[in-house]
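The next block holds one structure in the form of structure tokens; read it before the comments.
The values are calculated or read from the model by the stated rules, or taken from the named source; none is laboratory data. Keep in mind that what you see is a predicted model, and the values were worked out from it rather than measured. Positions of Cβ are generated from backbone atoms using ideal geometry, with glycine treated the same way; all protein chains shown enter the neighbour counts. What goes into the accessible areas is simple: the full protein's heavy atoms, side chains included, and nothing from ligands, DNA or RNA. Shrake-Rupley method; radii C 1.70, N 1.55, O 1.52, S 1.80 Å.
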Amino acid sequence: MGEQPHIIRRPEHLATGGTDAEIRRTCSNGEWTRIHRGAYVSTAQLSDLAAHERHRVRIRAVANAAHADSIVSHASAAVIHGFELWNTPLDRVHLSRNRRGGSRQSTDRHVHSAQFTDYEVTTVDGLAVTTPARTVVDLARSLPFEQALVAGNSALHRTPVGIDEIKGSLSRVPQHPSHRHALQAVSSMDARIESVGESRSLALFVRERLPIPQPQVQLGNARVDFLWREHRTVGEFDGRVKYGRLVPAGRSAEDVLWEEKLREDRLREAGWQVARWTWADLSTPSLVAGRITAAFERGRGA
């Protein structure tokens with residue numbers, strides 16, 4: 001995580017001798033960026049941060065100015081807890097207030113009206129935030145299936161939250177209008193899924209009505225992403241990360257690629273069919289499904 005820039009707040013700036021004219025001039029020349037009403041940060045520092053880190057800065061600015069009973073929730077809570085997100089907008093800071101009505105949105109924040117218990121609120125770095133379980137449930141209710149699955153699997157894999165806790169939070173409000181939608185996502189979540197690409201692959205299996213495989217299985221000396229044991233088929237999501245910035249020290253991307261080839265050869269020699277797909281392939285689900293079902297056919301004939 002990058003270093004969080006200092007938030008310059010207008011009242012504090014004025015109290016130390018600054019002026020509104022100076023604030024306008026500093027923002028106009030690009031030295032400062034306004035991140036919320038009366039809150040500014042160094043543009044240079046902000047530009048050095050990844051998208052989720054910039055959102056974290058905005059969370060602090062917005063939460064500080066929000067009503068005292070507001071808590072950070074939804075995608076913003078996911079950022080605070082360190083969940084991985086995919087294709088989930090971070091243009092607004094999400095807050096929730098414990099009430100039945102009065103939700104509202106502006107250009108930089110979305111205030112939800114929601115009922116939650118004291119057990120569904122925690123404190124992280126001085127901020128009141130929905131717990132990981134409640135955060136997963138809120139996202140499962142409000143995001144499309146694939147995005148919700150990515151967030152939920154990341155929560156299960158990266159935090160101590162368990163699936164029973166998530167299901168318990170979901171079951172507290174079975175009359176919620178998005179309950180059935182959320183239930184589908186929660187029912188498909190799996191703590192063994194390790195990456196965004198693997199979560200998106202799992203979403204594809206569900207949508208394409210493929211058999212659900214075992215994830216992260218050890219086959220001899222090889223650990224495979226997905227295993228359809230009854231179909232003698234291994235599924236491998238090739239995210240290319242292992243051929244780039246995460247190549248172990250002292251080895252080249254070519255070394256890792258060659259080892260992957262030998263590993264796949266050994267799997268085939270042991271009688272396993274191998275279906276492989278990339279990040280780009282996930283945009284064409286029928287292509288990936290076709291490769292998997294073709295591997296099933298080969299496995300039947302082997």
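Condition test on PHE116, is it out of contact with any strand residue (DSSP E or B) (no Cβ under 9 Å at 6 or more places or on another chain), open to solvent by less than 50 Å² (accessible area, probe 1.4 Å) and assigned to a loop (DSSP other than H, G, I, E, B)?
On the way: out of contact with any strand residue (DSSP E or B) (no Cβ under 9 Å at 6 or more places or on another chain): no; open to solvent by less than 50 Å² (accessible area, probe 1.4 Å): yes; assigned to a loop (DSSP other than H, G, I, E, B): yes.
Criteria not met by PHE116.
Within region 131-171, the set of residues being open to solvent by 10 Å² or more (accessible area, probe 1.4 Å), of a type in the set (A, V, I, L, M) and under 13 Å from ILE193 (Cβ atoms) comprises LEU156, ILE163.
Listed here are the residues, each with its yes/no results for (1) in contact with a Lys or Arg (Cβ under 7 Å, 6 or more places away or on another chain); (2) farther than 29 Å from VAL206 by Cβ.
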position	(1), (2)
ILE59	no, yes
SER70	yes, yes
THR88	no, no
VAL111	yes, yes
THR131	no, no
ALA140	no, no
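The number of residues in region 197-235 being within 17 Å of TRP86 (Cβ to Cβ) and aromatic (Phe, Trp, Tyr) comes to 1. Looking at region 190-302, none of the strands (runs of 3 or more DSSP E) lying wholly inside it contains 1 or more residues that are in contact with a His (Cβ under 8 Å, 6 or more places away or on another chain), surrounded by fewer than 13 Cβ atoms within 10 Å (Cβ to Cβ) and modelled with pLDDT under 90.
Within region 5-17, being open to solvent by 60 Å² or more (accessible area, probe 1.4 Å) and under 29 Å from the mean Cα position of the chain (by Cα) holds for one residue alone: HIS6. If you check ARG200, ARG209, ARG192, ARG180 for being of a type in the set (D, E, K, R) and at positive phi, only one passes: ARG209. On the basis of being farther than 28 Å from ILE193 by Cβ and either surrounded by 22 or more Cβ atoms within 10 Å (Cβ to Cβ) or of a type in the set (Val, Ile, Thr) (or both), does THR122 make the cut? No: the conditions fail for THR122. Given the criteria within 26 Å of ARG141 (Cα to Cα) and at pLDDT below 95, does ARG100 qualify? Answer is yes for this residue. Figure legend. Inter-residue proximity from region 67-83: first residues of a type in the set (D, E, K, R), second residues in a strand (DSSP E or B), beta-carbon distance below 9 Å, spacing 6+ or different chains. Indicated pairs: ASP69/ARG97; ASP69/ASN98; ASP69/ALA128.
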